[in-house]
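Bear in mind these aren't lab numbers, they're just calculated from the coordinates by the rules spelled out. Bear in mind the structure is a predicted one, so any value in this text is a computation, not a measurement. Positions of Cβ are backbone-derived with ideal geometry, glycine not excepted, and every protein chain shown enters the neighbour counts.
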Ligand code: 6LW
């Protein structure tokens, strides 16, 4: 089988899909990511080839499993999960930093339902990992890197946390531990250097799950720090065996665009890198945009989609800020329409009603048919409360608004006659990416005319909706919102624009 048969383009999960954790059950692979202030939490994907991933659902999809109070800051909420299969069940452990701390849920079917959470109140630290010893002991390892034994059924911590490794001396933020037995050793994979440009993956090994751990002499086993590689911030990896028994690492990385220093706008994405073994140590990489696996991969699915809001529930890719209650977000009010009822006054407010989908492609076009005769709302490109651009309709006007840090301004407006209006956003990756003056992309907003043509009202520089400007752990989400009253949406359509 020629490697070309499995050619693919990294990332394997584009858009805001950080902190991947993967597990294999027979021929099936399951992968989860962090979800922060969005509900439902912890998106879960399935694959047979490690390359094409289909979303099965979200692990924390009931309000009683995941509480994200309306004052939850952006980039708080649900941090890095670990997904494992043990004893006929799926186990997922994660941290809600905005309430409840570490929690564990289980399921026999990864598509759900997942159990109510078991809390681990005595487990200090984020990025929990689970690993079972042959005698049934469950080892839980957290950022730092510390370890305890737990009873995963009750959440009880059975001993005092013990520091088992700190990564390279002087390198910040040893975190994201994953522990596995592979052959003769227990391997402890961590991320260190922080999740920005200094990020890397390091590894240590020991004869027992609790160590002592010996660092790999070639640590970090993967980093792109200090290089101009198009994939940056590489870290937070989880090991998995491919269908042919070879080893792979799923990890997060970013794709900065534009001139120096480069701005990434899609968040931290999930990449796939090959792993080989030398002297019982893993050698990771190369990690490239153009990559291949030595087995056939499923065809790339189309990135085009249109949601007509004909179903009672939103599909799993739709995420809402902090919670999603029927009284604020429903398809039951007007058949075939999504109705949003305002709570906060604008996207500057944490309690705004916003529901959207991750921007996954550097260039794309999104449009929606909006009826704002009884409210104010529209289509937004959002990073957080202080970084968003939107096109907003009210009964008699459409305007484009930009919020960047403490600055907020309406950049364009147009009178409309009332009734439903097509609003659109067109994101274009900058073509001349090496020109130091350019941002990574442009974000244009416009309005559909009755004759089917489209009029652009404003074009904005995309760098201000990047993580380098805004900070935080998420990425752009493009979605629908209501700022006042009740706003109805007939459809939402997305199309990828290829380079
Ligand atoms: C994640 C941790 C991290 O839990 O970011 O910078 C957190 N490091 O590993 C959120 O992704």
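Compared with the alpha-carbon gap, the fully stretched path from residue 48 to residue 115 is longer by 21.6 nm at 0.36 nm per residue.
Pair-distance distribution of the stretch 115-176: all C-alpha pairs, bin width 5 Å, starting at 0; shares per bin in whole percent are 4, 19, 26, 24, 14, 7, 4, 1, 0. Expressed as a whole percent, how much of the Cα-Cα distance distribution for the stretch 296-361 exceeds 19 Å? Beyond 19 Å sits 43 percent of the P(r) for the stretch 296-361.
Kirkwood analysis of the Cα pair distances in the stretch 1-59 returns a hydrodynamic radius of 12.4 Å. Calculated translational diffusion coefficient of the stretch 1-110 (4 °C, 1.567 mPa s; Stokes-Einstein with Kirkwood radius over alpha-carbon pairs) equals 88 µm²/s.
Arranged from highest to lowest average of other beta-carbon atoms within 10 Å per residue, in what order do the peptides 92-101, 29-38 appear?
Most protected by this proxy first, the peptides run 29-38, 92-101.
Grouping the Cα pair distances of the stretch 136-256 into 10 Å bins from zero gives a pair-distance distribution of 14, 41, 32, 11, 1 percent in increasing distance order. For the peptides 211-221, 292-302, the ranking by mean Cβ contacts within 10 Å, running from highest to lowest, is 211-221, 292-302.
For the chain, relative contact order (Cα pairs under 8 Å, six or more residues apart, normalised by length) works out to 15 percent.
Taking label positions 7 Å along the Cα-Cβ direction at both residue 133 and residue 413, the computed distance is 6.8 nm, reported to one decimal. Semi-axes of the equivalent ellipsoid of the stretch 305-496 are 25, 18, 16 Å, computed as sqrt(5λ) over the eigenvalues of the C-alpha gyration tensor in descending order. Taken over the stretch 224-380, the ratio of Cα radius of gyration to 2.2 N^0.38 Å equals 1.39. Find how many whole Å separate the alpha carbon centroid of the stretch 1-72 from the alpha carbon centroid of the stretch 110-142. For the stretch 110-142 versus the stretch 1-72, the Cα centre distance is 18 Å. R0 = 45 Å: FRET efficiency of residue 349 with residue 280, Cβ-based, nearest 0.05? It comes out at approximately 0.25. Taking 37 °C and 0.692 mPa s as conditions, the stretch 3-292 diffuses translationally at an estimated 173 µm²/s according to Stokes-Einstein applied to its Kirkwood radius (Cα pairs).
Estimated purely from DSSP H runs of n ≥ 4, each contributing -39500 (n - 2.57), the mean residue ellipticity at 222 nm for the chain is 0 deg cm²/dmol once divided by its residues.
Determine one quarter of the surface area of the Cα convex hull of the chain, which equals its mean projected area, and express it in nm² to one decimal.
Result: a mean projected hull area of 22.9 nm².
May I have the pair-distance distribution P(r) for the stretch 248-316, computed from all Cα-Cα distances with 5 Å bins from 0 and rounded to whole percent? Here the calculated profile for the stretch 248-316 is 3, 11, 13, 16, 17, 14, 12, 8, 4, 2, 1, 0.
Does the stretch 178-249 come out rounded, prolate or oblate by the C-alpha gyration tensor, with a ≥ b ≥ c the root eigenvalues, rounded set by a/c under 1.5 and, if not, prolate when a/b is larger than b/c and oblate if not? Oblate.
Each part gets one Cα centre, and for the stretch 344-362 versus the stretch 451-477 those centres are 12 Å apart.
Relative intensity of the stretch 404-499 on a log10 scale, I(q)/I(0) at q = 0.19, 0.25 Å⁻¹, equals -1.23, -1.61, per a Debye sum over C-alpha point scatterers of equal strength in the absence of solvent.
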